[in-house]
Amino acid sequence: MNFSEVFKQTNQLCKVSPDGKYLATCVQYRLVVRDVSTLQILQLYTCLDQISHMEWSSDSLFILCAMYKRGLVQVWSLEQPDWHCKIDEGSIGLVSSRWSPDGRHILNTTEFHLRVTVWSLCTKAVSYIKYPKACQKGIDFSRDGCYMALAERRDCKDYVSVFVCDDWHLLRHFETETQDLAGLEWSPNGCVLAVWDSCLEYKVLLYSLDGRLLSTYSAYEWSLGVKSVTWSPSSQFLAIGSYDEKVRILNHITWKKITQFDHPAAINNTKAVVYKEVEKRPAVGSDDLSLHNITIGTTLFNTQSKYEICPLPVQIPVVKPDPDRANPKIGVSTLAFSSDSRYLATRNDNMTTVVWVWDMQKMNLEAVLEQTSAIRCFQWDPRRPRLALCTATTKLYLWSPAGCVSVQVPTEGGFQVQSLSWHCSGDSLILLGKEQLCLCYMDTDQDEK
């Protein structure tokens, strides 16, 4: 495993192009595009203000930079550096900007969610979509890029509109059986649209492409309900994370629950492996304590860590949420399937230091990773069953069925990994600190490293 030098970034705006060739980073109002393999700067663009959001087009030819405070979007071309585009939403404001799947249209959501404006880069035509709903996930595109589902709110009722992305004509418009729709998501095969209600009512609805209600699922009533929803890449499973600290798995044939995964404070499951991170401070000799070493070698006092396998039963540290505050830190907020749909990783918000890995073939708990610090981010390798996670420390952690490893990020100045993302090849990771980033290159010969 090798690490690159450290580069500057702002607001953790750093993304690899969909074709995997380029790395775009934002530094204040500048956009820097590098070659992923050499990290040489290929292009440097200057925006009109500090960049709030940055996104590649699907064909990796254009980059969108949004400046929400100014209501501005600027688009840059990689092939023609002199070409540029500026979209000014004016006094109506801007809260969200994103590409359409074809990479030639931009969808801007105005302030107060008054409308969605669709701008064409090819024809300069403008289309308006009224009544978009302000919710957790109100727009989603099907994986093939053909359809867009949009949550709408009008006359105190929830609706979903399905648009064809080629010419933005309305394909279907239907009312949903929700009190306060919180989000929607297409299945990866594009056949089913999952719609879920706000946390005040436990309800998940499954609609076909033509707007027929296929199934309704509700686990319980009169308590905080759905917290997170995600599809497996195979479209066979729909995982629902709830405030009651459980994950329920629905199957794609009957849309009934086939199993549920609990997150107990005491683990007695004999088949699960519990890995616990153990820290060890390195011994420091008097020779190491020179002023030069303390100021230059800032990794001197970094704690080393390794994983130990704990004998069962194991007690998981639990943080008791404050019942008087909104959005209590309890329940399953993060769900992620591995690329082959074999494993599911989850995080229960009142067990901040723990990641749970479930085997979807055996439908049981495979592994538990207990860290010394709260988990900030975890993500699966896009090519193989390997999970990377970080805890805002100077370490990177990896899990695979072969085992667990803790890796010290060897950079000066105590680089703390706040979040991470995989390169689409699975051969490298982008590690993001507060104002810096570095790349971690995997040893592709060894799966567990």
(request) Return the loop-located GluC sites (Glu not before Pro) in the range 365-449 (DSSP other than H, G, I, E, B) with at most 15 other Cβ atoms within 10 Å of their own Cβ; answer none if there are none. (result) Glu412, Glu435, Glu448
(request) Counting other Cβ atoms within 10 Å, keep those with at most 15, restrict to DSSP loop, and tell me which GluC sites (Glu not before Pro) in the range 75-113 are left. (result) Glu79
(request) Rounded to whole Hz and in sequence order, give me ³J(HN,Hα) for the range 335-341 from the Karplus expression 6.51 cos²θ - 1.76 cosθ + 1.60, θ = phi - 60°, writing x for Gly and Pro. (result) 10, 8, 8, 5, 4, 8, 6
(request) Among DSSP beta bridges whose residues both lie in the chain, state the antiparallel percentage, nearest 5. (result) 95
(message) Quick check: pseudo-label points 7 Å beyond the Cα along Cα→Cβ at Asp49 and Met363, how many nm apart are they?
(response) 5.3
(request) Express the relative contact order of the range 320-448 as a whole percentage, based on alpha carbon pairs under 8 Å and six or more residues apart in sequence. (result) 15
(request) Tell me the trypsin sites (Lys or Arg not before Pro) within the range 182-265 that lie in a loop according to DSSP and have at most 14 other beta-carbon atoms within 10 Å. (result) Arg212, Lys256
(message) With the cut-off at 23 Å, tell me which of the pairs Lys157/Lys227; Lys130/Lys157; Lys246/Lys329; Lys271/Lys329 have Cα atoms farther apart than that.
(response) Lys271/Lys329
(message) So, for the range 1-103, what is the accessible surface per residue at a probe of 1.4 Å, expressed in square angstrom?
(response) 47
(message) Can you match Rg/Rh (Cα atoms, Kirkwood Rh) to one of these, (i) 1.17; (ii) 0.98; (iii) 0.95, based on a calculation from the structure here?
(response) (ii)
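Output the antiparallel fraction of DSSP beta bridges having both residues in the range 84-184, as a percent to the nearest 5.
DSSP beta bridges in the range 84-184 are roughly 95 percent antiparallel.
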(message) Just to verify a number: FRET efficiency for Ala125 and Val278, C-beta to C-beta distance, R0 = 60 Å, to 0.05?
(response) 0.50
(request) Quick one: among Val32, Val314, Val354, which has the greatest mean-square fluctuation in a GNM of the chain with alpha-carbon springs under 10 angstrom? (result) Val314
(message) If R₀ is 22 angstrom, what is the calculated FRET efficiency for the pair Arg384 and Asp19, using the beta carbon separation as r and rounding to 0.05?
(response) 0.65
(request) Let me know the longest stretch in the chain that avoids all chymotrypsin sites (Phe, Trp or Tyr not before Pro) found in a DSSP loop with at most 13 other C-beta atoms within 10 Å. (result) 223-449
(message) Could you check the spin-label model distance between Asp180 and Thr259? Points 7 Å from the Cα along Cα→Cβ, value in nm.
(response) 3.4
(request) Express the carbon and sulfur contribution to the solvent-accessible surface of the chain as a percent, rounded to the nearest whole number, probe 1.4 angstrom. (result) 48
(request) At 7 Å along the Cα-to-beta-carbon direction for both Ala392 and Ser333, put a label point, then send me their distance in nm to one decimal. (result) 1.2
(message) For Cα pairs less than 8 Å apart in space and 6+ apart in sequence, what is the mean separation divided by the residue count of the range 131-262, i.e. the relative contact order in percent?
(response) 14
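The values are calculated or read from the model by the stated rules, or taken from the named source; none is laboratory data. Keep in mind the model is a prediction, meaning the values are calculated, not measured. Glycine also receives a Cβ, built like all others from the backbone with ideal geometry; neighbour counts cover every protein chain displayed. Just the protein is used for accessible areas: all its heavy atoms, side chains included, with ligands, DNA and RNA removed. Shrake-Rupley method; radii C 1.70, N 1.55, O 1.52, S 1.80 Å.
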